[in-house]
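Colleague: Sharing a structure, written as structure tokens. Questions coming.
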């Protein structure tokens, strides 16, 4: 079944001590859509400016991503510039230029409104609401968010939590949202805000699922070398919902397996700048790492 | 089979925003010995002063711990005082009084020298060497360490690495030892310094084993509430070697399973001050959490 994904579609300029990478394809929706495309057909909702490189539209199409919901507006594409320190753990935002995103109102094509799986990737909660208003009875809605929205759009976010099946967020964000120091307790408290499923991302330490059937701990695929972690979280949730949309049977079991697939796609994402590594991955390469990770956690 | 454990035997005064706990039984060897005692007979090597409370000797004995190697010397028992902040993540040392440890020379009773399993718990590497010098052909030697020894006794520690089968250390210590930012690469580099097995502890995020058969990722048992994490790492390695000493079959498979058992004993340790929770645990309670953890990582 198909997945509708809304989020940011951006150009990312990423600087490290070794390399500058201007205007890479980025944004939460781009990473999530490419990740999901390995498993299921994807419909993308977003906006780009008239400066958006044609090669990036071709890249989306090569991944079979439906672009009827991608608006091309006069003006500049959302641009983010950031710099990583040597250890890849600390990043500094150098510039954020909203461009055409400033006036973005998602308007879903008719074919998108029946989407059974919906991913509200990281973007302003008001826009996530706007997309939810237009879909008809989706089977599963998952939302991602970030600290920015906890700080400046908390009310919108809290309303959103009552409309979704699953929330994905970082451990620090889970603690901030619940004012609770313990990550496990924080995850459990989030259920009371609405979502039946809560997924807490812990970067290289994996992720936790809190669900009616109990807790599930998924490990990250261990990497010898991280080139650029930008978009890893988006790749994780994109891979997860793509896997879910392609699977039959128990939702909760599929969510667990989907977290493993999401972790693996995220691991590829970290091995190159922007989407450069992810877009060269094959489904076979994903399956190989999923098997490897399975062997690494079995005892 | 039995386990020989050397390390610090101490009195810990642990302060939190809610409670002061003066002169609890502590030290790396105390935590490790109690943890190992759930699985195998333990022989303890250490030193205490004549101020050491009799009830702590009874506590060791209740756990069947052989105390022939515990010296009681004139003077004060090693005393550590520390304070935790509200979130339990930051701790500050208020006092370290070495007492009788200043002149400690471990001298192994004859019955200890045949010990098949040896745990060199966290203590000065020179003392770990001294114990190794006295044992005869142990089957498996595992050593724990801490950042202090990397800073002030690196040469002794590097020599020790060539004499042991397995090293256990924190992720930050692994990075410091290898001058390598990536934990996975750091673990692999440590093999070149000697140990066939490298176990990197990541606290609430679990632990990694790097072994000839590949990598193994073990998850920590998730806790809603951490009362006092002092001794969790010692409990982990104590539970691990205790399980190992009690198990037949493939060493590497037992190491993996032993990490799970170690994590579970460490989880109990964190739920009370000092050893207060661990000493009330039963083997059944351990097995129950091991099963729960198994269900939480299965997919």
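Please treat every number below as a calculation from the coordinates, not as lab data. Just so it is clear, the structure is predicted and the values come from calculations on it, not from any experiment. Backbone-built Cβ (ideal geometry, glycine too); neighbour counts: all protein chains shown.
Colleague: If you find the alpha carbon centre of region B:219-252 and of region B:64-136, how far apart are they in angstrom?
Modeller: Each part's Cα centre sits 19 Å from the other's.
Colleague: In cubic angstrom, how much convex hull volume per residue do the alpha carbon atoms of region A:1-145 span? Write down the numbers at each step before the final one.
Modeller: Values: hull volume 16.7 nm³, N = 145.
Enclosed volume per residue, from the Cα hull, is 115 Å³.
Colleague: Considering all projection directions equally, how large on average is the shadow of the alpha-carbon convex hull of region A:182-230, in square nanometres?
Modeller: In nm², the orientation-averaged hull projection of region A:182-230 is 4.2.
Colleague: Moving on. Could you work out how far apart the two model spin labels at residue B:96 and residue A:73 are, taking each label as a point 7 Å from the Cα in the direction of the beta carbon, and quote it in nm?
Modeller: So the label points at residue B:96 and residue A:73 sit 5.9 nm apart.
Colleague: Average projected area of the Cα convex hull of chain B, in nm²?
Modeller: 14.6
Colleague: If r is the Cβ-Cβ distance from residue B:51 to residue A:110 and R0 is 60 Å, what FRET efficiency results, to the nearest 0.05? Numbers along the way, then the final one.
Modeller: On the way: r = 82 Å, r/R0 = 1.36.
It comes to 0.15.
Colleague: A further question follows. To one decimal place, what Kirkwood hydrodynamic radius in Å is obtained for region B:163-252 from all pairs of distinct Cα atoms?
Modeller: Values: mean 1/r = 0.0717 Å⁻¹.
After inverting the pairwise mean of 1/r, the radius is 14.0 Å.
Colleague: With no solvent and one equal point scatterer placed on each C-alpha of region B:1-69, evaluate the Debye formula and give log10 I(q)/I(0) for q = 0.15 Å⁻¹, two decimals.
Modeller: For region B:1-69, the Cα-only Debye profile gives -0.48.
Colleague: Could you work out [θ]222 nm for chain B from helices alone, using -39500 (n - 2.57) per DSSP H run of at least four and dividing by all its residues? Round to the nearest 500 deg cm²/dmol. Spell out each step's value before the answer.
Modeller: Values: 10 runs with 109 residues, N = 299.
Per the formula, -11000 deg cm²/dmol.
Colleague: With both partners inside region B:145-299, how many of the DSSP beta bridges are antiparallel, as a percent to the nearest 5?
Modeller: 65
Colleague: Moving on. May I ask you to derive the FRET efficiency for residue B:191 and residue B:154 from their Cβ-Cβ distance with R0 = 22 Å, giving the value to the nearest 0.05?
Modeller: Working: r = 18 Å, r/R0 = 0.81.
About 0.80, to the nearest 0.05.
Colleague: Let me ask you something else. Among DSSP beta bridges whose residues both lie in region B:1-140, state the antiparallel percentage, nearest 5. Intermediate results must be reported in sequence, preceding the final value.
Modeller: Values: 11 of 33 bridges.
If I count the DSSP bridges inside region B:1-140, around 35 percent turn out antiparallel.
Colleague: Report for the protein assembly as shown the percent antiparallel among DSSP-assigned beta bridges with both residues inside it, nearest 5.
Modeller: 40
Colleague: Taking a quarter of the surface of the Cα convex hull of region A:148-299, what do you get in nm²?
Modeller: 9.7
Colleague: Dividing the alpha-carbon Rg of region B:87-131 by 2.2 N^0.38 Å yields what?
Modeller: 1.62
Colleague: Distances in nm, one decimal, shortest first, from residue B:148 to the same residue in every other copy, taking the label point 7 angstrom along Cα→Cβ.
Modeller: In ascending order, 4.6 nm.
Colleague: If you average 1/r across every pair of different Cα atoms in region A:68-221 and take the reciprocal, what Kirkwood value do you get, in Å?
Modeller: Value: 17.1 Å, from the Cα pair sum.
Colleague: Separate question: One decimal, nm, shortest first: give the distances between the label point of residue A:294 and those of the same position in the other copies, each label point 7 Å from Cα along Cα→Cβ.
Modeller: For residue A:294, the inter-copy label distances come out at 1.9 nm.
Colleague: Also, I was wondering about something else. Between residue A:97 and the same site in the other copies, what are the distances in nm, shortest first, taking label points 7 Å from Cα along the C-beta direction?
Modeller: Label-point distances to the other copies, shortest first: 6.6 nm.
Colleague: OK, next. Which log10 I(q)/I(0) values does region A:215-274 give at q = 0.13 Å⁻¹ under the Debye formula, counting every alpha carbon as one identical point scatterer?
Modeller: -0.33
Colleague: Report the equivalent ellipsoid semi-axes for the protein assembly as shown in whole Å, largest first, defined as the square roots of five times the eigenvalues of the gyration tensor built from alpha carbon atoms.
Modeller: Working from the Cα gyration tensor, I get semi-axes of 50, 23, 22 Å.
Colleague: I would also like to ask the following. Starting from 0.36 nm per residue, how many nanometres of slack lie between residue A:225 and residue A:58 once their C-alpha separation is accounted for?
Modeller: 57.2 nm is the gain from fully extending residue A:225 to residue A:58.
Colleague: Could you calculate the FRET efficiency of residue B:179 with residue A:282 from 1/(1 + (r/R0)^6), where r is the beta carbon distance between them and R0 is 30 Å, rounded to 0.05? Can you show the working numbers first?
Modeller: Working: r = 36 Å, r/R0 = 1.19.
Working from the Cβ atoms, E equals 0.25.
Colleague: Moving on to the next point. Give the span of region B:205-250's Cα atoms along each principal axis, as three whole-Å numbers ordered largest to smallest.
Modeller: Dimensions of region B:205-250 along the principal axes of its Cα atoms: 36, 22, 14 Å.
Colleague: Give me Rg over Rh for region B:126-177, both radii from the alpha carbons and Rh done the Kirkwood way, two decimal places.
Modeller: Working: Rg = 11.2 Å, Rh = 11.6 Å.
Ratio of gyration radius to Kirkwood radius: 0.97.
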